[in-house]
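Worksheet for the structure shown next.
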Amino acid sequence: MKIALLGGAFNPPHIGHTMIARQVLDFTDYQQIWFLPNYSQSPPKPVAGVEHRLNMTRFLEFPGAVVSTVEIDNKLDGQTVNTLPHLPKEHTYCFVIGSDQLPVFHLWGRWQELLKSMPFLVFPRYGYPNEPLYENMTVVGHRFLIGSNISSTKIRERVKAGLSIAEFVPAGVGEYITKNSLYKE
């Protein structure tokens, strides 16, 4: 099976993640997409606890899009390249990144090895050019493609400011954030 991997902190997950997942399935030949919440951050940054982020990420699932706990189960360090040996060998993979990651991609741990290991799909993000584009990277494009500038940072800022996030996250995520008093500070 051809599987696209969408990794990150998911701090918190939002509809932008599901928009990307849906469109990767619609406009590429990948048959499934796996959300990969990371166990720790590289470089380190403050995030909600891994259990909270995993629980919220599960609200993103839909047919063809599932959560993989490979990084959490193996307590990986957040370096994408260290995930590769833990992926089931019977599948073919690509990694999905937003165009906002392109200017800093060269800072990823062992990024050249990553590019040789699997193709990368670049999803356009408003306000970020699709460059620099490295070998083995392809921009997801289609005349029906829908982009956004939604981000976990903006969601956290809205929560902190007491603004509604109802239209920007799956219902379960908003309820989870409220119930667990996340992102108030």
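Considering segment 166-177, the residues that are in contact with a helix residue (DSSP H, G or I) (Cβ under 6 Å, 6 or more places away or on another chain) and surrounded by fewer than 19 Cβ atoms within 10 Å (Cβ to Cβ) include one that is farthest from Glu51 (Cα to Cα), namely Ala166.
How many residues does segment 114-143 hold that are within 30 Å of Ala166 (Cβ to Cβ) and in contact (Cβ under 8 Å) with a residue 40 or more places away in the chain? Number satisfying all stated conditions: 4.
The rows are residues; the columns are (1) more than 22 Å from Gly147 (Cα to Cα); (2) small (Gly, Ala, Ser); (3) in contact with a Phe, Trp or Tyr (Cβ under 6 Å, 6 or more places away or on another chain); (4) surrounded by fewer than 19 Cβ atoms within 10 Å (Cβ to Cβ).
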position	(1), (2), (3), (4)
Ile20	no, no, yes, no
Leu25	no, no, no, yes
Leu36	no, no, no, no
Ser40	yes, yes, no, yes
Pro43	yes, no, no, yes
Ser68	yes, yes, yes, no
Val81	yes, no, no, yes
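Answer yes or no as to whether Gly64 is at positive phi, surrounded by fewer than 19 Cβ atoms within 10 Å (Cβ to Cβ) and of a type outside the set (A, V, I, L, M, F, W, C).
Values: at positive phi: yes; surrounded by fewer than 19 Cβ atoms within 10 Å (Cβ to Cβ): yes; of a type outside the set (A, V, I, L, M, F, W, C): yes.
So Gly64 fits the description; yes.
Say whether the condition of being within 17 Å of Gln41 (Cα to Cα) and either in contact (Cβ under 8 Å) with a residue 40 or more places away in the chain or not β-branched (Val, Ile, Thr) (or both) is met by at least one residue in segment 86-97. No, because not a single residue in segment 86-97 is within 17 Å of Gln41 (Cα to Cα) and either in contact (Cβ under 8 Å) with a residue 40 or more places away in the chain or not β-branched (Val, Ile, Thr) (or both). If you check Ala4 against the conditions, is it buried (at least 22 other Cβ atoms within 10 Å of the Cβ) and assigned to a helix (DSSP H, G or I)? No. In this entry, Asn180 passes the filter for residues that are polar (S, T, N, Q), closer than 14 Å to Asn11 by Cα and in contact with a helix residue (DSSP H, G or I) (Cβ under 7 Å, 6 or more places away or on another chain).
Per the conditions (1) within 20 Å of Ala9 (Cα to Cα); (2) out of contact with any His (no Cβ under 6 Å at 6 or more places or on another chain); (3) buried (at least 18 other Cβ atoms within 10 Å of the Cβ), the sole criterion not satisfied by Arg158 is (3). Selection of first residues in segment 165-185 that are touching a residue at least 40 places away in the same chain (Cβ under 8 Å) and of second residues that are among the small types (Gly, Ala, Ser) and not in a helix (DSSP H, G or I), restricted to Cβ pairs under 8 Å at least 6 apart or on distinct chains, gives the following pairs, ordered by first then second residue: Leu182/Ala48; Tyr183/Ala48.
FYI, it's all coordinate maths here, none of it is from the lab. On a predicted model such as this, the values are computed, not experimentally measured, just so you know. Glycine also receives a Cβ, built like all others from the backbone with ideal geometry; neighbour counts cover every protein chain displayed.
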